[in-house]
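The values are calculated or read from the model by the stated rules, or taken from the named source; none is laboratory data. Here the structure is a predicted model, which means the values were calculated and not measured. A quick note on method: Cβ atoms are made from the backbone with ideal geometry, for glycine too, and the neighbour counts reach across all protein chains shown.
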Amino acid sequence: MAEKVMVKGTEAIGEAAIRAGCRLYFGYPITPQSELTEYMSRRMPQVDGVFLQAESEVAAVNMLYGAASTGHRVMTSTSSPGYSLMQEGVSYIAGAELPVVFVNVVRGGPGLGDIQPAQSDYFQATKGGGHGDYRLVVYGPESLQEAVELTAKAFDVADKYRNPALILADGMLGQMMEPVEFPEFRDLSTLPDHSSWAMQGAKGREPHKITSFDINEYVLEQMNLRYQEKYKKIIENEQMWEEYKTDDADIIIVAYGTMGRIAKTIVNMAREKGVKAGLFRPITLWPYPYEALAKLADQAKLFFTVEMSMGQMVEDVKLAVNGKKTVEFYGRTGGVVPTPNEVLAKLMELI
Amino acid sequence: MEYKNKVEIDQERCKGCGLCIDACPTGTLGFSEGFNAKGYHPAAVVNPEKCIGCGFCYQMCPDVCITVSTLEKAKA
Amino acid sequence: MSYKIKFKGPESLSGKEFTYCPGCHHGIVHRLVAEVIDELGIREKTLMVAPVGCSVFAYEFFDVDGTVAPHGRAPAVATGMKRAMPENVVFTYQGDGDLAAIGTAEILHAANRGEKITTIFINNAIYGMTGGQMAPTTLLGMKTTTSPYGRSAENEGYPLHMAELLSNLPGVAYLARTKVNKPQDVLKTKKMIKKAFLAQIEGKGFGMVEVLSTCPTNWGIPPVEANKWLEENMVPEYPLGVYVDKVGDEK
Ligand SMILES: Cc1ncc(C[n+]2csc(CCOP(=O)(O)OP(=O)(O)O)c2C)c(N)n1
Ligand code: SF4
Ligand code: SF4
Ligand code: SF4
Ligand SMILES: [Mg+2]
């Protein structure tokens, strides 16, 4: 087993991508993820990879589109305003069914917002963001170790389904230092073979055409139905979540990412006060683990969603619970991270 | 009748723009009276004997409808 | 005695009928690009990036691997491709709305990086696909559906000269402005397109050919007259010629 090394969050994701076989990175600096862009500019030349600082996030996402059409593993990282700027390209990439891994280190919004950690891009990440009926597989890691594992997984899942994937992190995760165990370097010759569809030159075969459009509405509808079939498979196979002390819990805290991690402390503080709390932590934010969460609706008295936003994921919690039990919410926004004490105080008020 | 140069027009592909007719220096080409399936009066070879095989019509055709050939002695 | 073919459509076209209006220069330029691909023997390694505009289907018309970029972003898409596949030949085909309005940043930076790609730029002084709106290249005084009283310098600024702008960038290895309204110009344009591909193949840098083109439909001028209108109105505004040539002459 490889030993643990101390790394910074953004760099952990960068190294994980390289070990997963990503050799093309296109990005644009924006706090709080610039260290990842900088890391890639150092690392890519060392592994014979390509690092290119684009002129904008618009250019970056389209460079990803081009590089991904050739069947290579590609990645970018950005933060909220930058990810907003990429949305047209994300929609094209989803429509053209290209495997691309995005990292959004979310900061406070809307607008220029601030550079503090936030979870207020959940709607954009999971419900669309760009135009059209499309989905990205979205991962919300709570720790650096998990971020490393999910980065590798994101590449595999993106390749498997020919679908873009998104790591939804936040500035807290990006800036923390933690010991991490990295996987071995992926042997590039073992990466999935995309020669059946990728643009690599029409040598001895019919030309490959990659597009996200058809002017005939019935054909486009068929294309969409095909995407939906794929999404159905992703929903069946790719849901991930963690349950922490839910076995006997009658209060279910629901939180993801950094907030999910903090919520574990809150669960333990509540238990010290004699409140049987547990945590349900979605790891895939799309596909959302609705059924797993719904199962807890029989045993729980109350669901309590905590987010670093004014309440976005809480809508999915309500969908899962489907009116069976009360769903309460607490959140701070604009880059303010709720403290365990304030969340606990709110919880005690509710019961 | 075999002439030295032969110009052929894919009249079904033709959109009747007339650029070939305008470019032809010898008056070999003109519009046909009839319509093609697309509803255009396609270009037609009206004076085949005049063709000098210069290829101007080919160069100007935006729809790649034209082929020009020249009579050559078959190689022994 | 038997007939020998002197002029025939190139192999690198797929054979699909073009979707362009009668007399539209897009078709002439497509054929030239395909002839150049044939002559250079690069069909099997060429990757094409079509734009959003009337030539959105261009990826269907060439017998090479192809895709469609978001409006204006073809140079960025081509950059990603070329960086991933440096041995392949990558070209973009773009209109003036695509390249000179929404995609100004992408073309400028691709050219400035000396990106080893080739760009075919169709300047017809108008937005063809969306029904004849004003382009950055629209002539002063020219009426379009969004400049119904004629383009004025005060309100809309001046026709944008992309070839001149880009010619100052050291990353550019070949750059020319040309036209295809006469057979002699068509032949000249083909040589230029070939050089713009050679700039990439020989690793010298970015290559672009700007082709002054007609849009008979949205100009509201029939094809033959449109060729004359181009000569009389566009050529004086947009000087023809070779702006950058680091390729040199064929040996
Ligand atoms: C982001 C975006 N904005 C606007 C459009 C609409 N649109 C499609 S083509 C076009 C202009 C095309 O003009 P040009 O590039 O000059 O090409 P032409 O049709 O003249 O060849 C516009 C504005 C679009 N498809 N995408
Ligand atoms: S080859 Fe020349 S002379 Fe013959 S039809 Fe064409 S343009 Fe006219
Ligand atoms: S130039 Fe081509 S499309 Fe136009 S009339 Fe002649 S043959 Fe027909
Ligand atoms: S609208 Fe203009 S540019 Fe578009 S195909 Fe028709 S003539 Fe050509
Ligand atoms: Mg145009």
So is residue C:143 within 16 Å of ligand 3 (Cβ to nearest atom) and surrounded by fewer than 20 Cβ atoms within 10 Å (Cβ to Cβ) or not?
no
Could you tell me whether any residue of region A:294-307 is free of Cβ contacts under 8 Å to residues at least 12 places away in the same chain, part of a loop (DSSP other than H, G, I, E, B) and surrounded by fewer than 16 Cβ atoms within 10 Å (Cβ to Cβ)?
no
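Pull up region B:55-74, narrow it to residues that are in a strand (DSSP E or B) and near ligand 2 (Cβ under 8 Å from one of its atoms), then point me to the one that is farthest from residue C:10 (Cα to Cα). Talk me through it step by step, then tell me what you get.
At the first step, the residues of region B:55-74 found to be in a strand (DSSP E or B) are B:66-72.
Going one step further and asking which of them are near ligand 2 (Cβ under 8 Å from one of its atoms), we end up with B:66, B:68.
Details: B:66: 11, B:68: 13 Å.
Ranking the qualifying residues of region B:55-74, first place goes to B:68.
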Residues that are over 18 Å from residue A:209 (Cα atoms), free of Cβ contacts under 8 Å to residues at least 24 places away in the same chain and away from ligand 3 (no atom under 16 Å from the Cβ): find the helices (runs of 4 or more DSSP H) completely inside region C:19-90 holding 1 or more of those.
C:74-84
At least 2 residues that are modelled with pLDDT of 95 or more and within 11 Å of another protein chain (Cβ to nearest Cβ) in each: list the helices (runs of 4 or more DSSP H) lying fully within region A:29-112 that qualify.
A:57-69, A:87-95
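Being out of contact with any Phe, Trp or Tyr (no Cβ under 8 Å at 6 or more places or on another chain) and of a type in the set (A, V, I, L, M, F, W, C) is the filter; apply it to region C:146-165 and report the residue that is surrounded by the most Cβ atoms within 10 Å (Cβ to Cβ). Outline the logic, then answer.
Going residue by residue through region C:146-165, those that are out of contact with any Phe, Trp or Tyr (no Cβ under 8 Å at 6 or more places or on another chain) are C:146-158, C:160, C:165.
Okay, now just the ones that are also of a type in the set (A, V, I, L, M, F, W, C), so C:153, C:160, C:165.
Values: C:153: 10, C:160: 17, C:165: 15.
My answer is C:160.
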What single numbered condition from (1) more than 9 Å from chain A (Cβ to nearest Cβ); (2) within 20 Å of residue A:212 (Cβ to Cβ) fails to hold for residue C:128?
(2)
Has region C:24-46 got any residue that is under 19 Å from the mean Cα position of the chain (by Cα), more than 8 Å from chain B (Cβ to nearest Cβ), within 16 Å of ligand 1 (Cβ to nearest atom) and of a type in the set (S, T, N, Q)?
no
Scanning region C:97-121 residue by residue, the ones that are within 16 Å of ligand 4 (Cβ to nearest atom) and in contact (Cβ under 8 Å) with a residue 60 or more places away in the chain total 4
Quick check on region B:18-43: of everything there that is surrounded by 17 or more Cβ atoms within 10 Å (Cβ to Cβ) and over 15 Å from residue C:224 (Cβ atoms), which residue is nearest to ligand 3 (Cβ to nearest atom)?
B:42
When residues of region C:225-239 are limited to those that are in contact (Cβ under 8 Å) with a residue 60 or more places away in the chain and surrounded by fewer than 18 Cβ atoms within 10 Å (Cβ to Cβ), the one farthest from residue C:167 (Cα to Cα):
C:233
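Would you be able to say whether some residue in region C:148-169 is within 16 Å of ligand 3 (Cβ to nearest atom), touching a residue at least 60 places away in the same chain (Cβ under 8 Å) and either under 19 Å from the mean Cα position of the chain (by Cα) or within 30 Å of residue C:41 (Cβ to Cβ) (or both)?
Step one: of region C:148-169, the residues within 16 Å of ligand 3 (Cβ to nearest atom) are none.
Scanning region C:148-169, I find no residue that is within 16 Å of ligand 3 (Cβ to nearest atom), touching a residue at least 60 places away in the same chain (Cβ under 8 Å) and either under 19 Å from the mean Cα position of the chain (by Cα) or within 30 Å of residue C:41 (Cβ to Cβ) (or both), so the answer is no.
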Any idea which of C:93, C:59, C:20 is within 30 Å of residue A:22 (Cα to Cα), within 7 Å of another protein chain (Cβ to nearest Cβ) and more than 16 Å from ligand 2 (Cβ to nearest atom)?
C:59
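Looking at B:33, B:8, can you tell me which residue is away from ligand 1 (no atom under 16 Å from the Cβ) and more than 12 Å from the chain's Cα centre (by Cα)? Before you say what the answer is, go through the steps one by one.
On the way: B:8 fails: more than 12 Å from the chain's Cα centre (by Cα).
Criteria check complete, one pass: B:33.
Can you name the residue in region B:1-54 that is among the polar types (S, T, N, Q) and assigned to a loop (DSSP other than H, G, I, E, B) and is also farthest from ligand 5 (Cβ to nearest atom) among such residues? Give the derivation first.
Going residue by residue through region B:1-54, those that are among the polar types (S, T, N, Q) are B:5, B:11, B:26, B:28, B:32, B:36, B:47.
In the following step, the residues that additionally are assigned to a loop (DSSP other than H, G, I, E, B) were identified as B:11, B:26, B:28, B:32, B:36, B:47.
Numbers: B:11: 29, B:26: 34, B:28: 33, B:32: 31, B:36: 28, B:47: 37 Å.
Per the stated criteria, the residue is B:47.
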I need the full set of residues from region B:47-76 which are facing chain C (nearest Cβ under 8 Å) and among the charged types (D, E, K, R), in order please.
B:63, B:72, B:73
For region C:132-156, which residues satisfy the criterion of being touching a helix residue (DSSP H, G or I) at 6+ places or on another chain (Cβ under 7 Å) and within 16 Å of ligand 5 (Cβ to nearest atom)?
C:132, C:134, C:135, C:136, C:137, C:139, C:147
Residues satisfying the stated conditions in region C:67-83, i.e. within 7 Å of chain A (Cβ to nearest Cβ) and touching a Ser or Thr at 6+ places or on another chain (Cβ under 6 Å):
C:67, C:68, C:78, C:81
